[in-house]
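The next block holds one structure in the form of structure tokens; read it before the comments.
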């Protein structure tokens, strides 16, 4: 049976670059990959229209009817190729929705998705400062922003993300009203290792989805090394979704720290999370506006990852109560996911954490040994209630 997976998201989030690198590690006989823009260029050429990466936005906004016709034909051709293919997995990649100036470019419509009939939708995302850096390092895009970093506002980037996600949700809701079921929409951060992406795409039946929950801020490096080590061990058996693979929270945390230290500060200096070297100076007002949206997006994204997961593994190598972790455990309980809690301390945890952490299938217990918890999860996965 063919499975169609729509890979989408906001522009300049590194979707195609990430997917291309990940698929280099995959068995080419098991999948087919369709980059919608390649088909749009092909159809446009046949109609006497030269569509390039540089002119596609302006063309789509100024010639909407023709662009819609070209896009619809691109999806028709992809559907025909899928129908003829003997591959099991069909990956279709295209942006979701992009507003630019006074217009917008729609990556797909309800009609396109009714034709495509995706089984799953994966929204591929990157953190906002990486998106900003990507724009600065891309001559064509940097030119669109007047070759001035000050014109690239974080507020703009978080709204690109907001628009893209909402467009997907709206159209999938329309599909459901038509009786077309999409198994899930998943917001996937591109800091996940490539192997995790491949597990997600190709090996979900053997390695079911598990969400890793852990207190994320205010800890020493040794703590994060332990979390990474646990993540690697857990990933041998499951497809592990990590909220840290899309980390905008450090922008918020750095903003809070600098404003608390100097309430009159106008420019916020932020080291880039990945290299720890490059420093960007951002306008305080822009960060304030973006922060309100980022905080909400963070909660919605983490709940999305919990909602699609069959189980949640809580790695609580910290005695202090984490409101985020308890909220994620409550969401897992609400959505029938199995809950496993690693809490290696003699001191009793919060009664709420204790209640949710004793909901794994076979016995009501928390774990003080992380390897034992993984072993039990492997043994019990056949008994998890969530379909």
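Read-outs: derived from the displayed coordinates by stated rules, not from any lab. In this text the structure is predicted, and so the values were computed from the model without any measurement. Every residue, glycine among them, receives a Cβ derived from its backbone with ideal geometry; neighbour counts consider all protein chains shown.
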Could you check what % of the DSSP bridge pairs in the range 3-199 are antiparallel, to the nearest 5?
-> 15
Using only Cα atoms, find the angle between the long axis of helix 284-308 and the longest principal axis of the chain, and express it within 0 to 90 degrees, rounded to the nearest 10.
-> 70
May I ask you to derive the FRET efficiency for residue 280 and residue 170 from their Cβ-Cβ distance with R0 = 45 Å, giving the value to the nearest 0.05?
-> 0.85
Inter-part gap, Cα centre of the range 10-77 to Cα centre of the range 176-197, in whole angstrom, is 20
Over all pairs of different Cα atoms in the range 3-199, the reciprocal of the mean inverse distance gives a Kirkwood radius in Å of 17.5
What percent does the relative contact order of the chain come to when contacts are Cα pairs within less than 8 Å and at least six residues apart?
-> 15
For the range 121-198: span of alpha carbons on each principal axis (Å, largest first) = 47, 30, 19
Pull out a ≥ b ≥ c, the square roots of the eigenvalues of the alpha-carbon gyration tensor of the range 330-387, then state rounded if a/c is under 1.5, prolate if not and a/b is larger than b/c, and oblate in the remaining case.
-> oblate
Given only helices, namely DSSP H runs of n ≥ 4 each adding -39500 (n - 2.57), what is the per-residue ellipticity at 222 nm of the chain, to the nearest 500 deg cm²/dmol?
-> -15000 deg cm²/dmol
How big is the chain by Rg and Dmax over its Cα atoms, in Å?
-> 22.1, 73
Name the residues of the range 234-257 whose amide N is less than 20 Å from a point 7 angstrom out from the Cα of residue 369 along the C-beta direction?
-> 234-237
What percent of all Cα-Cα pairs in the range 207-383 falls in each 5 Å bin, counting up from 0?
-> 1, 8, 16, 19, 18, 13, 10, 7, 5, 2, 1, 0
Looking only at the range 108-141, which residues have a backbone nitrogen under 15 Å from a spot 7 Å from the Cα of residue 100 in the C-beta direction?
-> 108, 135-136, 138-141
Once you have a ≥ b ≥ c as the square roots of the Cα gyration tensor eigenvalues for the range 101-237, tell me rounded if a/c is under 1.5, and otherwise prolate or oblate according to whether a/b is larger than b/c.
-> oblate
Kirkwood Rh for the range 279-323 from C-alpha pairs, in Å, is 13.5
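Antiparallel versus total DSSP beta bridges in the chain: what percent is that, nearest 5?
Working: 9 of 42 bridges.
If I count the DSSP bridges inside the chain, around 20 percent turn out antiparallel.
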Hey, any idea what the orientation-averaged projected area of the convex hull of the range 1-95's Cα atoms comes to, in nm²?
-> 6.6
Specify the angular offset, from 0 to 90 degrees and rounded to the nearest 10, of the alpha carbon long axis of helix 323-334 from the longest principal axis of the alpha carbons in the chain.
-> 80
How do 296-302, 348-354 rank on mean C-beta neighbours within 10 Å, highest first?
-> 296-302, 348-354
Full-stretch length increase - residue 323, residue 236 - with 0.36 nm per residue and alpha-carbon distance subtracted | 28.5 nm
Length-normalised contact order of the range 207-383 in % [C-alpha pairs under 8 Å, at least 6 apart] = 22
FRET efficiency, residue 115 to residue 53 (Cβ-Cβ, R0 35 Å, nearest 0.05) | 0.90
Nearest 10 degrees, 0 to 90: helix 64-84 Cα axis against the chain principal axis | 60
Spread of Cα-to-Cα distances over 5 Å intervals beginning at zero, given as percent, for the range 180-242 | 4, 15, 26, 24, 15, 9, 5, 2, 1, 0
Within 10 Å, count the other beta carbons around each residue, average over each peptide in 26-38, 237-249, 157-169, and list them highest first.
-> 237-249, 157-169, 26-38
Please report the relative contact order for the range 1-146, taking Cα pairs under 8 Å with a sequence separation of at least 6, and give it as a percent rounded to a whole number.
-> 46
